[in-house]
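Before anything else, here's the structure in question.
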Amino acid sequence: MPPPGKRGTALRIGASPARAKSRVWGRLAELRGPGVPARALDARALAALAANPGCRRRAILDGAGVDKAALAGALGAPSAFGQSQFAFMRGNAFEARVKADGGAELLRLVHQKLDPAAEPPQEPHVPDLAAAGPEGRTARTALALREAATAGGWTLLDHPMLALEVAGSPAFLEPDAVVVHPDGSWTVVEIKSFPMLDGAADPAKVGAAARQAAVYVLALEEVAGRLDPAPRVRHHVLLVCPKDFSNLPAASAVDVRKQRAVTARQLTRLTRIQDIVDTLPDGVCFSPELPAEELTAAVETVPATYAPECLAACELAFHCRARSRADGAVTTLGRSVRAELGGLTTVDDVLAAAHGEAGDPEDPAVAALRRAAALRAEALASAGQEAVPCH
Ligand code: SF4
């Protein structure tokens, strides 16, 4: 029997998979709050989720489609994420320019950077991918890819919709474009508004774009795997950026094999959404309409694994950092420090171990801390100062 007030495993006992799934979907809707629409999980969010696969808090919030930026604001710790309206409009204008004339310039860049031996793109096929809802658009995209694989020539899919199963639930993803080459292979295209200066862009931004593109590659591979013969999904993607602060496009082929392998491995490590839902007390709700204290209590029902990397990847980072600091958790100092300290998980534990008040002297971390504390005391003594315990 599950403990009182906890959701048990009844979802799966005696229930058909379809019924269990619909009950999970119902529970996820309750978590968002009445009338709050689900926020789609995009590839950027998925890549960030895969970068911290141990964080159940992020997994359930993303799985339920909670707007984390709104939640962070309601918790009193607004995120520093988001694009200015101006940057957003500039990005859209650049993308429209790159895709103008039926994608002629975009296909020229794909041909030049990734497939120069193929016939030059002339009169490419640009199928209409419009359909109702994300499921309809996903099916329409799969059909267009299947047709393009056998039609030959170049095909440009503008904003296709792909589905990827994440933690037992489907996530719908929308790459900027997918190009089908004359040999039937598929390439992901990412169009970004950060500049490429003298053929090179900011490595951190390129890395983030590569992680995002790797998620699209994984989703495309799922589509390809359902075709016979399965088309090749290229592991070099095309990154298109403005050239030297102009509005002209510059492109670079980016190898995402490493990011693809890491993301695939991390996604398999995510705890199933249904399993997290099962552990939540009744009545938990993350609606940004709720008072801050109630929301804080709700968020605390799901364990988190904060690390400084969250600051660049998750809207809840300021909230989780504050809680982590208040708890004295050593993860606030970084994953590498946390790993070095073994079983010592709080700053108080570390100080007690260093001062010989706690900890197993045989533990290498404890021994290293005591040696460091002794060296510090010795150094201060030789400088004529008294060692003051650091707290
Ligand atoms: S900021 Fe919080 S919720 Fe987001 S990934 Fe980090 S620990 Fe998890």
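Only the coordinates and a few stated rules stand behind these numbers; no lab work does. Just so we're clear, the structure is a prediction, and the values are computed from it rather than from any experiment. Cβ sites come from the backbone with ideal geometry, for glycine too, and all protein chains shown count toward neighbours.
Counting helices only, and only those DSSP H runs with n ≥ 4, report the 222 nm mean residue ellipticity of the chain as the sum of -39,500 (n - 2.57) divided by its residues, in deg cm²/dmol to the nearest 500.
Calculated at 222 nm, the ellipticity per residue is -14500 deg cm²/dmol.
Estimate the FRET efficiency between PHE88 and ASP348 by the formula 1/(1 + (r/R0)^6), using the beta-carbon distance for r and 35 Å for R0, to the nearest 0.05.
0.20
Which order, highest average first, do 336-343, 225-232, 300-307 follow once you tally other Cβ atoms within 10 Å for each residue and take the mean per peptide? Don't jump to the answer; show the numbers that get you there.
Numbers: 336-343: 14.1, 225-232: 12.1, 300-307: 18.4.
Packing proxy ranking, top to bottom: 300-307, 336-343, 225-232.
Can you give me the C-alpha center-to-center distance between the stretch 280-347 and the stretch 148-204, rounded to a whole angstrom?
The stretch 280-347 and the stretch 148-204 have Cα centres separated by 34 Å.
Counting only other residues whose beta carbon sits under 14 Å from that of ALA365, what net charge do I get with K and R as +1, D and E as -1?
Result for the local shell: -2.
List residues of the stretch 177-206, by number, whose backbone nitrogen lies under 18 Å from a label position 7 Å along Cα→C-beta of SER246.
Zone members listed by number: 192-201.
A follow-up question, please. If R₀ is 22 angstrom, what is the calculated FRET efficiency for the pair THR150 and GLU174, using the beta carbon separation as r and rounding to 0.05?
0.35
Right, another one. Return the subset of LYS68/LYS192; LYS99/LYS243; LYS99/LYS205; LYS205/LYS243; LYS113/LYS192; LYS99/LYS258 for which the Cα-Cα distance in this structure is over 20 Å, preserving the input order.
Long pairs (Cα-Cα over 20 Å): LYS68/LYS192; LYS99/LYS205; LYS99/LYS258.
Which angle from 0 to 90°, rounded to the nearest 10, does the C-alpha axis of helix 203-225 make with the longest principal axis of the chain?
Relative to the chain, helix 203-225 is tipped by roughly 60 degrees.
If you don't mind, there's one more thing I want to ask. Given ALA117, PRO231, TYR306, which one lies farthest toward the positive end of the charge dipole of the chain, if we put +1 on the Cβ of every Lys and Arg and -1 on the Cβ of every Asp and Glu?
Of the candidates, PRO231 comes out farthest on the positive side.
Return an integer: the convex hull volume of the alpha-carbon atoms of the chain, in Å³ per residue.
Values: hull volume 82.4 nm³, N = 391.
Dividing the Cα hull volume of the chain by its residue count gives 211 Å³.
Using the Cα atoms of the stretch 97-138, I'd like the radius of gyration and the largest Cα-Cα distance, Dmax, both in angstrom.
Reported Rg and Dmax, both Å: 13.4, 38.
Going by the alpha-carbon gyration tensor, a ≥ b ≥ c the square roots of its eigenvalues, is the stretch 252-373 rounded (a/c under 1.5) or, if a/c is not under 1.5, prolate (a/b greater than b/c) versus oblate?
Cα axes put the stretch 252-373 in the oblate bin.
Place a +1 charge on the Cβ of each Lys and Arg in the chain and a -1 charge on the Cβ of each Asp and Glu, then give the dipole magnitude about the Cα centre in debye, rounded to the nearest 20.
Value, rounded to 20: 520 debye.
Suppose the chain between GLU357 and ALA117 were pulled fully straight at 0.36 nm per residue; how much longer would it get relative to their current alpha carbon spacing? The partial results should precede the final answer.
On the way: separation 240, 0.36 × 240 = 86.40 nm, distance 7.02 nm.
Length gained, GLU357 through ALA117: 79.4 nm.
Expected output is a single nm value to one decimal: the length gained when fully extending between ARG376 and ALA297, i.e. 0.36 nm times separation in residues minus the C-alpha distance. What is it?
Extra length from ARG376 to ALA297 when fully extended: 24.3 nm.
Also, I was wondering about something else. Modelled label-to-label distance, ASP282 and GLU340, 7 Å Cα→beta-carbon offset: nm?
So the two model labels end up 4.9 nm from each other.
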